[in-house]
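Please read the structure below before turning to the comments.
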Amino acid sequence: PPEQLPADPSKKTLVVLGSGWGSVSLLKKLDTENYNLVVISPRNFFLFTPLLPSCTTGTIEHRSIMEPLRHIIRHKKRAVKYYEAEATKIDAERRVVKINDFSDVKGSVSETEVPFDYLVVGVGAENATFGIPGVKEHACFLKEIGDAQQIRKKVMDCIETATFKDQSEAEKERLLHMVVVGGGPTGIEFAGELHDFFEEDLRKWVPDITDKFKVTLVEALPNVLPMFSKALIEYTEKTFKDENISVRTKTMVKKVTDKNIDVEVTQPDGTKVKESIDYGLLVWATGNAVRNVVRDLMNQLPPQKNSRRGLVVNDYLVVDGTEGIWALGDCSATKYAPTAQVASQQGNFLARLFNSMAKTQAIEEDLYNLDQQMQAATNEDEKARLNAEINLKGRSMSKIKQLSPFEYSHQGSLAYIGADRAVADLNWFGGAISSATGGELTYIFWRSAYVSMVFSLRNRILVLTDWLKTKAFGRDVSRE
Ligand code: FAD
Ligand code: NAD
C-alpha cells in the first residue's frame with residue numbers, strides 16, 4: 001500500500017463505531033483526506049453475513065468470509081486509527097465515546113475515552129431472546145463467526161455422542177434432534193444447510209445415524225419467511241417437507257432447558273396446547289434486539305423516548321436529538337428491514353454526505369479567510385483580485401450538489417433453502433418489474449450474486465475454492 005498522509009489537527013475527527021455492513025461500506029467510499037478517521041470495533045474484520053449459515057457445516061470455511069479491517073484502512077489516503085474495543089458509552093453532551101478492550105489480552109490500559117467532532121454509530125444489533133428463560137445459557141446463536149464455529153463443533157459432538165457405546169435409543173433420538181427456533185431467513189438458511197450436510201456427507205460417513213437424524217424448525221407465526229411472497233413461502237414449506245425438515249408453525253417457545261424446550265402450540269380452533277420437545281442442538285434465530293450502548297444513548301435523548309427498535313434518525317441519518325451524530329444499519333430505527341442491503345446503501349450515502357460536507361467546509365473556510373483579507377486590504381487592485389476569487393469560490397460552492405435525503409433501493413430478497421434451491425423476490429428497474437422465483441436456477445443466481453458481492457477479490461477466490469472443495473471432497477466431518 002502507498003504512504004499515507006498523517007493525522008491533520010486542522011481536520012475534523014470522525015469516529016465510526018462498528019466494522020459491519022454499514023460502517024465498512026462508509027469506510028470504503030469515504031475520502032479520508034478530509035477527516036481524521038477513528039474506527040472502533042471489537043471485531044477487527046468485516047464479516048460477510050449472507051454466507052455465515054454455510055460456515056456452520058463447513059461448506060465454506062469461516063476465514064473465507066472475513067475481510068481484515070487492516071486491509072481496508074491501510075489503503076485509505078490519510079492514516080486511519082483503529083482501536084479493537086467496544087464502545088460502552090456514547091456521551092452526546094461531552095462528545096466522547098468510552099471504549100473498553102474486552103479481548104483476552106489486555107495491556108495496562110484497557111479502558112479510555114475517544115473524543116469526536118462527528119460520530120457514526122454502526123454497532124448493529126444483538127440477538128433477541130425476549131427474556132425467555134434458558135435461551136442465553138443453552139442455545140447457540142448465528143450472528144458472529146464464533147457462533148458458526150460453535151454450531152459446527154456441536155453438530156459433530158451430538159453425532160459422536162449419539163453413537164457412543166450403549167447409548168439408549170431415546171437418548172440417541174434426542175441428541176440427533178436439531179431444533180431451529182425462528183422461521184426468518186437466518187433459521188431457514190441454517191436448516192437448509194444442515195439438511196445438505198446430512199444428505200451429502202453425514203449419511204455416508206456415519207450411516208448409524210441415518211434413521212434418527214432430524215431437523216425441526218419452530219416458528220411462532222402461521223408461516224415462515226414473512227417478508228417473502230405467498231408463492232415462495234409455499235415453495236419453501238413444500239421443499240422443507242420434501243427434505244424431511246419438520247416445520248412447526250404457530251409454535252412459540254416459552255422456556256429452554258439444557259435438553260428440551262417448552263412450547264405453546266396454537267391449535268386450528270385457537271386453543272393453546274403445551275408441549276415439550278427434546279433436542280441435541282438448539283439454534284436460536286429470532287431476530288434483533290437493541291444493544292446496551294445504543295439503549296443508553298437513547299435514554300440520554302428525549303426524542304428517542306418512544307423508540308423500541310433502535311436510534312430514530314432523520315432523512316439524512318442524523319440521530320434525532322443530536323448534532324453531528326449519525327446512525328446506520330441494524331442499530332437504527334427506520335421504515336426499512338434490518339438487512340445488509342439497507343446498511344450498505346446507508347453507508348454509501350453517508351460517505352457521499354461526508355465527502356460533500358468536507359468540500360463545502362473547505363470552501364467556507366477559504367471564503368472566511370478571503371473575507372478577512374478583503375477587510376484588511378487597502379489597495380484597489382488587491383481588492384479586485386480578492387473579489388474575483390470570492391466570486392469564483394461562491395460559484396464552486398453552488399456547484400456542489402445539494403445532497404438529497406437517503407432513499408433505499410430494494411434489489412430484492414434472496415434466501416438459500418437447501419437441496420441446491422433458493423427463493424428470490426427480485427425487483428428489476430427500480431421496482432418497476434418484480435419477480436418471485438424458486439428452484440435450482442435461482443440457486444445458481446444466488447451463488448453468482450453472492451460471489452460477485454463478496455467484497456475483495458481475495459475473498460471471492462476463497463469462497464469459490466471452498467465451494468469447489470466441497471463439491472469434490474465433501475464436507476469435513478472432524479470435530480475441532
Ligand atoms: P453488523 O454487520 O452486525 O455490524 C455491527 C458491527 O458493530 C460489528 O463489527 C460489531 O463487532 C460492532 N460492534 C458491536 N458492538 C459494538 C460496540 N459496543 N462498539 C463498537 N462496535 C460494536 N442481510 C441481507 O440483506 N442479505 C442476507 O443475505 C443476509 N443474510 C444474513 C445471514 C445471517 C446469518 C445474519 C445473522 C444476518 C444476515 N443479514 C442479511 C442481515 C445483515 O447481516 C445485517 O442486517 C447487517 O449485518 C447489518 O449491518 P450493520 O452494519 O448494521 O451491523
Ligand atoms: P427475523 O426477525 O426475520 O425472524 C425471526 C422469526 O422468529 C420471526 O418469524 C418470529 O416470529 C420468530 N420467533 C420469535 N420469537 C419466537 C419464539 N419464542 N418461538 C418461535 N418463534 C419465534 O430474524 P432473522 O431471520 O434472524 O433475520 C434478521 C434480519 O436479517 C431480518 O431483517 C432478515 O431479513 C435479515 N436476514 C436476511 C437474510 C437474507 O436475505 N437471505 C438472511 C438472514 C437474515
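The values are calculated or read from the model by the stated rules, or taken from the named source; none is laboratory data. Quick caveat, the model's predicted, so the values are computed rather than measured. Cβ coordinates were reconstructed from backbone atoms using ideal geometry, including for glycine residues, and neighbour counts include every protein chain displayed.
For the range 273-287, the count of residues that are of a type in the set (D, E, K, R) and modelled with pLDDT under 95 is zero.
So that you can scan it fast, the table gives a plain yes or no per residue for (1) within 28 Å of M252 (Cβ to Cβ); (2) surrounded by fewer than 23 Cβ atoms within 10 Å (Cβ to Cβ); (3) more than 24 Å from the chain's Cα centre (by Cα):
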position: E144; (1), (2), (3): yes, yes, no
position: T163; (1), (2), (3): no, yes, yes
position: G187; (1), (2), (3): yes, no, no
position: D211; (1), (2), (3): no, yes, yes
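Of all residues in the range 146-161, exactly one satisfies the criterion of being surrounded by fewer than 16 Cβ atoms within 10 Å (Cβ to Cβ) and within 25 Å of S344 (Cα to Cα), namely G146.
Consider the range 338-381 and keep the residues that are part of a loop (DSSP other than H, G, I, E, B) and at pLDDT below 95. The one that is nearest to ligand 1 (Cβ to nearest atom) is A377. Scoring D117 on the criteria (1) more than 15 Å from ligand 2 (Cβ to nearest atom); (2) within 27 Å of L47 (Cβ to Cβ) leaves a single failure, condition (2). Here the range 273-295 is the region considered, the condition is being buried (at least 17 other Cβ atoms within 10 Å of the Cβ) and farther than 30 Å from G192 by Cβ, and the residue that is farthest from ligand 2 (Cβ to nearest atom) is V293. Look at (1) of a type in the set (S, T, Y); (2) touching an Asp or Glu at 6+ places or on another chain (Cβ under 7 Å); (3) buried (at least 19 other Cβ atoms within 10 Å of the Cβ) and you find that T249 fails only one, number (3).
Table: residues versus (1) away from ligand 2 (no atom under 16 Å from the Cβ); (2) buried (at least 18 other Cβ atoms within 10 Å of the Cβ).
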residue: N299; (1), (2): yes, no
residue: P302; (1), (2): yes, no
residue: C331; (1), (2): no, yes
residue: A337; (1), (2): no, no
residue: Y368; (1), (2): yes, no
residue: E382; (1), (2): yes, no
residue: E407; (1), (2): yes, no
residue: Q411; (1), (2): no, no
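The condition (being at pLDDT 80 or above and in contact with a Phe, Trp or Tyr (Cβ under 8 Å, 6 or more places away or on another chain)) is satisfied by just one residue among R447, R458: R447.
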